[in-house]
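Everything on this sheet refers to the single structure shown next.
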Amino acid sequence: MSTYTYLTDDHLRLRDQAQDFGREVIAPHVPHMEAQGTHTDLELPRLMGAQGWCGVIIGTEYGGMGLDHLSKTLLISEASYFSGAAGGILQASLIPTAAILYLGSEEQKRRWLPQIAEGLWTAILVTEPDSGSHVLGMDGTARRKGKHWIINARKCFIGNSAIAGLHVVVVRTGRPGDPRSLSAFLVEADRNGIEVSQPDLVGMHGFTCGNVQLRDVRVPETHLLGEVGDGLAAAYTASVVCGRPNLAAAALGLHRRVMDEALAFLQTRRRKTGRHHRETRKLSENPIVRYRLADMQSRLMTAERLAYDAVQLLDEGRACDAELVQSKLYNSVAASESLRDASSLHGGYAARTDRPITRLMRDIQLVGAPAGPDDIQRHRLTEKALGADRTQWSEDFIRRTRSAEVRAA
């Protein structure tokens, strides 16, 4: 029985299906991905794509599942529980999908969304080496030439960089500093002039988060996403509406796994006790250990509530930027804190590579930075407290996408 009144039977069935898939497909594949270290896994994306998960928030009129953002959160969380890489692959592709839903013309939607729903993986190219989270400071450019645009840019930390068949690329088309100086483009990954490279990652083996170089990449003017100057809106909306709740869901799934691994270890590991050390008891019976477990459980319950409540507000059509930001911030921090407790409770076993906790240690640290590191989230929350958050990206996303649904109907 769920304690969340808004979780429907359909939500629970979807969660059960994702758990079954995780146990039967993702979990057996994890040792293979871990053994290879940094690499581009192709099998797991193929299998997840066949489930239709890429189209979870795409309407049925475009061949998608037609589900809500809470359903997306459940899928990402369950995938991440079994593998941080699996959760990373799924969540990274849903961000550019949100940008297409938000700004795409009807022609663009009818061309690309059915392909995405069938398993075409996507990537969003925003971050650059010299600008980081300062999106308006990017150097990448697009210049118009006749009926085409010529794109030159260096992008980094691009999720799904090596498996994406379609990129949403945000680059400069105007003067630096102007909020309307950026534009977004749909760019097929096989166009001439695109080069992908992958630096080694400490965790999430099988997930690609690499560099994408675009040199004189030519795209037709029909590939402009939205209008000239909509690039900042594409980047921010995709990040707030999809990126932050996606990463909250990924952190939540990893957090749940940390808790379960800690419980399994502490309930089976015994230590000698008593005056003559002739008796043993489970580590989970130690009062100090139980105190740590209580903290972990408290964090996990709060993290889950924040992750679910934030996207439920989005599904209800309510402006919720601050709640989405908070869900990402708290889930990232809470997962890291519980991991620290779990590692301490594992003692020396936390250093052994045959323990799942070591993989979780490597994976969780990669959840915090995307969609803005924790200090960026705190900055956004401070703006909310001071009444300085003038733009509600979630509100605009809801307005545009619902208007598009009405027109399509």
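The values are calculated or read from the model by the stated rules, or taken from the named source; none is laboratory data. Predicted, not measured: the structure shown is a model, and the values here were computed from it. Cβ sites come from the backbone with ideal geometry, for glycine too, and all protein chains shown count toward neighbours.
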(request) Evaluate the following for L42: is it loosely packed, with under 14 Cβ neighbours inside 10 Å, over 26 Å from K328 (Cα atoms) and either under 19 Å from the mean Cα position of the chain (by Cα) or at pLDDT below 95 (or both)? (result) yes
(message) Could you tell me how many of the residues in region 189-234 are part of a strand (DSSP E or B) and among the hydrophobic types (A, V, I, L, M, F, W, C)?
(response) 9
(message) Considering only residues that are buried (at least 17 other Cβ atoms within 10 Å of the Cβ) and not aliphatic (A, V, I, L, M), which ones fall in region 178-190?
(response) S181, S183, F185
(request) State yes or no: is V56 within 30 Å of E106 (Cβ to Cβ), of a type in the set (A, V, I, L, M, F, W, C) and without any contact (Cβ under 8 Å) to a residue 60 or more places away in the chain? (result) yes
(message) I'd like to verify a number: residues in region 162-184 that are modelled with pLDDT under 95 and not basic (K, R), how many?
(response) 6
(request) State the number of residues belonging to region 369-380 that are crowded, with 16+ Cβ neighbours inside 10 Å and part of a helix (DSSP H, G or I). (result) 3
(message) Going residue by residue through region 22-35, is there one that turns out to be more than 16 Å from G84 (Cβ to Cβ), in contact (Cβ under 8 Å) with a residue 12 or more places away in the chain and either assigned to a helix (DSSP H, G or I) or not assigned by TED's automatic domain parsing to the domain that holds T208 (or both)?
(response) yes
(message) Show the residue pairs meeting these rules: Cβ distance below 9 Å; 6+ apart or different chains; first residue within region 313-325 and at positive phi and touching a residue at least 40 places away in the same chain (Cβ under 8 Å); second residue surrounded by 17 or more Cβ atoms within 10 Å (Cβ to Cβ) and in a helix (DSSP H, G or I).
(response) G317/I398
(request) Report, ordered by the first and then the second residue, all pairs with beta carbons closer than 6 Å, sequence separation of six or more or different chains, a first member in region 222-235 that is among the β-branched types (V, I, T), and a second member that is not in a helix (DSSP H, G or I). (result) V228/T173; V228/S183
(message) Please verify whether S161 is under 22 Å from the mean Cα position of the chain (by Cα), under 16 Å from T127 (Cα atoms) and among the small types (G, A, S), treating the condition exactly as stated.
(response) yes
(message) For region 259-286: of the residues being modelled with pLDDT under 80 and under 15 Å from S343 (Cα atoms), which is surrounded by the fewest Cβ atoms within 10 Å (Cβ to Cβ)?
(response) R269
(message) Could you tell me how many of the residues in region 327-345 are crowded, with 21+ Cβ neighbours inside 10 Å and under 16 Å from the mean Cα position of the chain (by Cα)?
(response) 7
(request) Confirm whether V289 is in a helix (DSSP H, G or I), of a type outside the set (S, T, N, Q) and modelled with pLDDT under 85. (result) yes
(message) If I go through region 145-188 residue by residue, how many of them are assigned to a loop (DSSP other than H, G, I, E, B), within 23 Å of C54 (Cα to Cα) and touching a residue at least 60 places away in the same chain (Cβ under 8 Å)?
(response) 4
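For every residue, the table says whether it meets (1) small (G, A, S); (2) buried (at least 19 other Cβ atoms within 10 Å of the Cβ); (3) farther than 28 Å from L44 by Cβ.
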position	(1), (2), (3)
L103	no, yes, yes
K145	no, no, yes
P176	no, no, yes
N192	no, no, yes
L201	no, yes, no
(request) State yes or no: is S394 of a type in the set (G, A, S), closer than 19 Å to A234 by Cα and in a helix (DSSP H, G or I)? (result) yes
(request) Would you mind finding the one in L366, L306, L345 that is part of a helix (DSSP H, G or I), in contact with a Phe, Trp or Tyr (Cβ under 9 Å, 6 or more places away or on another chain), in contact (Cβ under 8 Å) with a residue 40 or more places away in the chain and under 30 Å from T268 (Cα atoms)? (result) L345
